Amino acid sequence: MKRLCNFYPLLFSLCLQVPVSFSANGQDSARKTLLVDLSYHSLNNEVVYLSVHAKTKEKGKFQPVGGARLRLYLDKDSAVCLAGEIVTDTKGSAITFLPPSLKNQWNSAATHMFIALSDEDGAFNPSRTEASVVKAHLEMDTGQGRTIIAKIVELKNGEWVPVKAVEIKVAIKRSGSDLAVSDKESYTTDSTGTISAEFHRDNIPGAKNGLLTLVAKVDDNDTYGNLRVEKTEPWGTVLKLSDTFDKRSLWAARFKTPLWLLLMEYSIFLSVWSVVIYLIFQIIKIIRAGRLA
Amino acid sequence: MENSIDNNAITRDLLPMRFGRWGKIWTFILLLFCAIGAYAYFLQLKNGLVVTDMGDYVSWGIYISNFVFFVAISLVGSLITAVLRLANVHWSTPLTRIAEIIAVSSIIFASLIIIVDMGRPERFLSLLLHGRLQSPIIWDVIVISTYFVLSLLLLYFPLLPDLKILIRMNANSHSRLNKLYRLLGSFWKGNPEQVRLSEKAINIMCITIIPVAFCIHTVTSWLFATTYRPGWDSTNFGGYFISGAFLVGAGAVVVAMFVFRKAYHLEKYITDLHFDKMGKVLVMLALLYLYFNINEYLVPAFKMRKPESAHLLDLFAGEFAPLFWFAILVGMLIPVGILLFKKGRKPLPMFVVGVMVVVGAWFKRYLIVTPTLLHPFLPMQDVPERYHHYFPSWQEWAITMGSLAGTLLVITFLARIFPIIPIQETITEQHEKVV
């Protein structure tokens, strides 16, 4: 009996502790892990920017995280190296440009590291993502016979040296996405860091003067990030916009009815109303026939 | 002598009669509805279309539904008179005048209700002065006017021999009615040349009115089908409207047959045989319309494209589901079920079925117009909540009821003025039967 009496306080204290410990564990497990993709982008070797895509795993699927607050740093996570503070959009994406204040630091080395930090909040645990990049330039030129030549060089010991075995895509900039210039999806650079692509899209419509924007790009390279250069060439067909304003059409003004429609309408109208008039004339004939009788 | 006695009896039976007590009550009720409708229209004219519940979403409400209903019901003139006449069907003779009167009165109010819907009636003139021939609305104006003239002529030509009888029977009367009869038909002597000319004109009219009637319903359907909206974006709409119009027109004739038979004691002329035949016609038309309905709803429902799904689900299981299933069941399925049995084609069940078909058809037109407008492909942003719903205001109901009462009033007055069953044709047919 004595033993039993000692057991009850123990059981009581256990009962109290179990929900408390569950609650504590529940708070930890309720917070999710924020997964951040950090990418480096260079446009025409001039504009440098960083893109971020934040996501999390829910029920075995990746879901974008909108409204995630992130701080981006160059090389070190200190206030002087702050590249920007961003908030992701509903698709979990955000970009920021490298600020002029970091120009000297950017020029001081050939290799850099970018850091993305997020603080702990009610929904997510704190996160840290790093991405290193070697500075590289992508150059593009056009040759005879509609050939596109692209070359990639990296900064090594203060000099720009060609890089071989890098995948480069050559495309035409279209509305929405890029269209490859030939059936070949990408080209691999040779020992001179160069590729040569033939332009096979002969009848593609260009802008007003037949201008096309050619694109050479390196996508998601582990060493160099995303590089992109653009150049315009008059290789497209000249776009002739057909202006239907003030011409005969179904949507034109009153006196611009299409002739075929006018013909149809008038022929139906006249044929039916000629019958109606004929019928009215029959009434007159009936009246006359009545008088004669 | 025996024949002449028969002729006199037929003539006496079929002459238009003065209103009795019930006729006067009926006319008074219709006039009351018309007066309320006229007052509501006065308010609409005074305050503008703001008195209606129409808005940026539902810009075509109960008025256009009513317009489509009137246009549909007017098709009956061409069905009973033209189609059956050309098919050499003789049993329909007592029904032709009823059908023509319904056609004329409903087409009058179809034209009027469109002007009501315009809000400012003086703008109808702009439609004529500045209308574009590319627009189906202009085609509709032209074809409705043409159909109205043809329907009037189709009513008038077969009336000429009866006018002679009416003038003869009222020879000593100097009433306004007799003056009207003289004005309309004093020249009719019934000589062979006049009969020949009249027969020829009626045959030409019967041939002409069928394509015109098809045009009026097809063009009305194009008002919807040429507009890119869920539920209207269909290549099937012309046939769908024509089949529906045939059904509601036949339903209206059945109702009128029963009422006139009872009111004017025409049991000898509108017999059980007529109800039986019309019942069979109704079954065929209901099945035809059902077929088009299945095409209109089942195929889009099978695909259930996202932009159309809200509209379809609202019809099948949402806000409009009770009305939708009411229109399908009461307007089509139950009538077919009743009319398949011989007992169901007796006068009283036929009358009930006719009412069901007409009421179901009215709601069907409402369902064609309103739910579609509530579900545009490209919804407007940040509109007030009330834009997402439509329920006609009392002014809209009053005007609509007034127009329906007006149609019945025109039918009533025409039945008071002219014989509801062609007298001369009935006499001729009786003679032919004897021969």
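Laboratory data are not the source of any read-out in this text; all were calculated from the coordinates shown. Just so we're clear, the structure is a prediction, and the values are computed from it rather than from any experiment. Cβ: placed from backbone, ideal geometry, glycine included. Neighbour counts: every protein chain shown.
Calculated mean residue ellipticity, 222 nm, chain B: -24000 deg cm²/dmol, from DSSP H runs (n ≥ 4) at -39500 (n - 2.57) each, averaged per residue and rounded to 500. Over 19 Å apart: what share of the alpha carbon pairs of the range B:157-217 falls there, rounded to a whole percent? In whole percent, the share of Cα-Cα pairs in the range B:157-217 beyond 19 Å is 45. Cβ crowding within 10 Å ranks B:Ile216, B:Ile115, A:Ile284, B:Ile270 as A:Ile284, B:Ile115, B:Ile270, B:Ile216, fewest other Cβ atoms first. With the simple spin-label model, which puts each label point 7 Å out from Cα in the Cβ direction, the B:Ala38 to A:Asp243 separation comes to 5.6 nm.
With a ≥ b ≥ c taken as the square roots of the eigenvalues of the C-alpha gyration tensor of chain A, please select rounded if a/c is under 1.5 and otherwise prolate if a/b is larger than b/c or oblate if it is not? Write out the running numbers ahead of the final one.
Working: a/c = 4.15, a/b = 1.51, b/c = 2.75.
Taking the square roots of the gyration eigenvalues as a ≥ b ≥ c, chain A is oblate.
In the range A:35-134, taking the dipole from charged Cβ atoms about the Cα centre, the farthest positive-side position among A:Ala94, A:Gln105, A:Asn45 is held by A:Ala94.
Treating the angle as unsigned and between 0 and 90°, give the value, to the nearest 10°, between the Cα long axis of helix A:259-292 and the longest Cα principal axis of chain A. Here the helix axis deviates by roughly 40 degrees. Which value, in debye to the nearest 20, gives the size of the charge dipole of the range A:35-134 about its Cα centre, when Lys and Arg are +1 and Asp and Glu are -1 at the Cβ? Approximately 240 debye in magnitude. Over the C-alpha atoms of chain B, the Rg to Rh ratio, Rh being the Kirkwood estimate, stands at 0.99.
When the charge dipole of chain B is built from unit charges on Cβ atoms (+1 for Lys and Arg, -1 for Asp and Glu) and taken about the Cα centre, the candidate among B:Leu84, B:Phe377, B:Phe316 whose Cα reaches farthest toward its positive end is B:Leu84. About the centre of its Cα atoms, chain B shows a dipole size close to 1080 debye [charges on the beta carbon of Lys, Arg (+1) and Asp, Glu (-1) only; nearest 20 debye]. With a Förster radius of 25 Å applied to the beta-carbon distance between A:Ser191 and A:Ala109, the computed FRET efficiency rounds to 0.45. Relative intensity of the range A:136-233 on a log10 scale, I(q)/I(0) at q = 0.11, 0.12 Å⁻¹, equals -0.32, -0.37, per a Debye sum over C-alpha point scatterers of equal strength in the absence of solvent. Highest mobility in the GNM of chain B, judged by mean-square fluctuation with C-alpha springs under 10 Å and restricted to B:Leu31, B:Leu75, B:Leu127, is found for B:Leu127. Working from Cα positions, state the angle (0 to 90°, nearest 10) between the long axis of helix B:160-169 and the longest principal axis of chain B. Rounded to the nearest ten degrees, it is 50. For the range A:183-293, the square roots of the Cα gyration tensor eigenvalues, ordered a ≥ b ≥ c, give a/c of at least 1.5 with a/b greater than b/c, which places it in the prolate category.
Once the chymotrypsin sites (Phe, Trp or Tyr not before Pro) in DSSP loops with at most 10 neighbouring Cβ atoms within 10 Å are cut out of chain A, the longest remaining piece is A:1-244.
For B:Arg305 and B:Ile207, a Förster radius of 60 Å and the Cβ-Cβ distance give a FRET efficiency of 0.90, rounded to the nearest 0.05. Taking a Cβ cut-off of under 12 Å around B:Ile368, the surrounding Lys, Arg, Asp and Glu residues balance to a net charge of +2, with basic ones at +1 and acidic ones at -1. Here the gap between A:Lys59 and A:Ser267, fully extended at 0.36 nm per residue and compared with their Cα-Cα distance, gives a gain of 68.1 nm. Using only the alpha-carbon atoms, how far is helix A:2-30 inclined from the longest principal axis of chain A? Give it as 0 to 90 degrees, nearest 10. Value to nearest ten degrees: 50. With the simple model of a label 7 Å out from the Cα in the direction of the Cβ, B:Ser59 to A:Asp121 spans 4.3 nm.
My understanding is that a pair violates if its Cα-Cα distance is over 29 Å; which of A:Lys59/A:Lys91; A:Lys184/A:Lys231; B:Lys189/B:Lys433; A:Lys55/A:Lys156; B:Lys262/B:Lys342; B:Lys262/B:Lys433 do that in this structure? Cα-Cα > 29 Å for A:Lys55/A:Lys156; rest within.
Karplus-based coupling profile of the range B:383-399, in residue order and whole Hz: 8, x, 4, 5, 5, 7, 10, 9, 9, x, 6, 5, 5, 5, 4, 5, 5, with θ = phi - 60° in 6.51 cos²θ - 1.76 cosθ + 1.60 and x standing for Gly or Pro. Between the residues A:Asn209, A:Thr223, A:Ser186, the greatest Cα displacement towards the positive end of the dipole of the range A:136-233, with unit charges on the Cβ of Lys, Arg, Asp and Glu, is found for A:Asn209. For A:Asn45 and A:Glu233, the difference between the fully extended length at 0.36 nm per residue and the C-alpha to C-alpha distance is 65.8 nm.
The length gained by stretching the chain between A:Leu259 and A:His200 to full extension, at 0.36 nm per residue less their Cα-Cα distance, is 17.0 nm.
Using the Cβ of A:Thr142 as centre and a radius below 13 Å, the other residues enclosed give a net charge of -2, where K and R count +1 and D and E count -1. Dipole magnitude for chain A: about 1760 debye, using +1 per Lys or Arg Cβ and -1 per Asp or Glu Cβ, origin at the Cα centre. Sum up the charges of everything whose Cβ sits under 15 Å from the Cβ of A:Asp75, counting Lys and Arg as +1 and Asp and Glu as -1, but leave A:Asp75 out. So the environment of A:Asp75 carries a net charge of +3.
Among B:His389, A:His112, the ranking by other beta carbons within 10 Å of each residue's beta carbon, starting with the fewest, stands as B:His389, A:His112. Within the range A:35-134, all pairs of alpha-carbon atoms sorted by distance into 10 Å bins from zero give the percentages 15, 49, 27, 8, 1. When the P(r) is computed for the protein assembly as shown, the part past 47 Å accounts for 48% of the Cα-Cα pairs. Assuming R0 = 35 Å, what is the FRET efficiency of B:Leu313 and B:Leu127, from their Cβ-Cβ distance, to the nearest 0.05? Here the calculated transfer efficiency is 0.45.
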